[in-house]
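Here's the structure we're looking at; comments come further down.
The values are calculated or read from the model by the stated rules, or taken from the named source; none is laboratory data. Everything numeric here is computed off the predicted structure, so don't read it as measured data. For neighbour counting, all protein chains shown are included, and Cβ atoms are generated from backbone atoms with ideal geometry for every residue, glycine included. Each accessible area value is taken on the protein alone, full model and side chains, heavy atoms only, with ligands, DNA and RNA left out. Shrake-Rupley method; radii C 1.70, N 1.55, O 1.52, S 1.80 Å.
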Amino acid sequence: MMKGNGQVALITGAARGIGRGIALRLAKDGFDVVVNDIDSEAIHLVAEEIQALGRRSKAIVADVSSGKEVDEMVDQAVDQFGTLDVMVPNAGIAQVKQAIEITEEDWDKVFSVNSKGVFLCARAAARQMIKQKNGKIVNCASIAGHDGFSLLSHYSAAKFAVVGFTQALAKELGPYGITVNAYCPGIVGTDMWELIDEKMGEYLGLVKGEALKKYSELISLGRVETPEDVASLVSYLASSDADYMTGQSINICGGIVMN
């Protein structure tokens, strides 16, 4: 039997990278999948990929830092599919800067997506799931939410906030049969890490690719993570196999962080 069994999942930031990997994996697991991004063209292509796998899908363009747009997105998903069983607030951004150079605008921008966006999506999903008396919220954190990364202080701070929010929300929603967990990726071969590599290289005096290589040496398993690696963990957390797991922020990083 498929894990999803016709249930409905919503993944934000699903146009590429980790989000796309999660969306396709959950579709293969038997979920109908609502996909979100601010990139209209790319997100509609992902919805078509999901439909080609034999599952229903809907693409919704919305900014996860806007409460109004997030609430409307969840309403659209429920109106079309009748339920919302899994919420994965995956959308995220990164910016490489020394802390003394970070502006208020930089700080607010990173937090608006990586922390506030998770809160808004989880809040909207929780309101629906409380009515249903079940559901799973699977937040996007990071190993940078367990161990602060230099040159990524505002990114790390936002991810630490997600870990704390995950724990608190799990306690609030447990009585309704709703679980709340988070996945914490490490160095994933995506467009975001290509950007991080380029900007870190500028600070560290390294040529393109060398910063990523330097950080990759920390990986115990000896290879860069793939979106599919992350999606495998989310597949578990979204399934009934994880019904007794809540409030956990799980590192999936090839052994960079072990705690």
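Scanning segment 210-244 for residues that are of a type in the set (Ser, Thr, Tyr) and closer than 16 Å to Gly21 by Cβ yields Thr226, Ser232, Ser235, Tyr236.
Gly222 - would you say it is in contact with a helix residue (DSSP H, G or I) (Cβ under 8 Å, 6 or more places away or on another chain), on the phi > 0 side of the Ramachandran plot and not hydroxyl-bearing (Ser, Thr, Tyr)? Considered against the rule, which asks whether it is in contact with a helix residue (DSSP H, G or I) (Cβ under 8 Å, 6 or more places away or on another chain), on the phi > 0 side of the Ramachandran plot and not hydroxyl-bearing (Ser, Thr, Tyr), Gly222 comes out as no.
Within segment 215-225, the set of residues being of a type in the set (A, V, I, L, M, F, W, C) and surrounded by 13 or more Cβ atoms within 10 Å (Cβ to Cβ) comprises Leu218, Ile219, Val224. Confirm whether Asp37 is within 30 Å of Glu198 (Cβ to Cβ), of a type in the set (Asp, Glu) and touching a Ser or Thr at 6+ places or on another chain (Cβ under 8 Å). In short, yes. When Leu212 is tested against the conditions (1) open to solvent by 30 Å² or more (accessible area, probe 1.4 Å); (2) at pLDDT 85 or above, the lone failure is (2). Taking segment 25-66 as the range and being among the charged types (D, E, K, R) and free of Cβ contacts under 8 Å to residues at least 24 places away in the same chain as the test, the residues that pass are Glu41, Glu48.
Does Gly4 satisfy the criteria of being in contact (Cβ under 8 Å) with a residue 12 or more places away in the chain and over 18 Å from the mean Cα position of the chain (by Cα)? So Gly4 passes the test. Exactly one residue out of Met200, Met192 is at pLDDT below 95, surrounded by fewer than 23 Cβ atoms within 10 Å (Cβ to Cβ) and over 20 Å from Thr12 (Cβ atoms): that is Met200. Filtering segment 205-259 to residues that are touching a residue at least 40 places away in the same chain (Cβ under 8 Å) and of a type in the set (S, T, N, Q) leaves Thr226, Ser232, Ser235, Ser239, Ser240, Thr246, Gln248, Ser249, Asn251, Asn259. For segment 166-189, taking the residues that are among the polar types (S, T, N, Q) and open to solvent by less than 30 Å² (accessible area, probe 1.4 Å), the one that is farthest from Asn114 (Cα to Cα) is identified as Thr179. For segment 180-259, the helices (runs of 4 or more DSSP H) that sit wholly inside it and include 3 or more residues that are more than 19 Å from Lys159 (Cα to Cα) and over 21 Å from the mean Cα position of the chain (by Cα) are 191-204, 210-216. Checked against (1) open to solvent by less than 40 Å² (accessible area, probe 1.4 Å); (2) not in a helix (DSSP H, G or I), Ser156 meets all criteria but (2).
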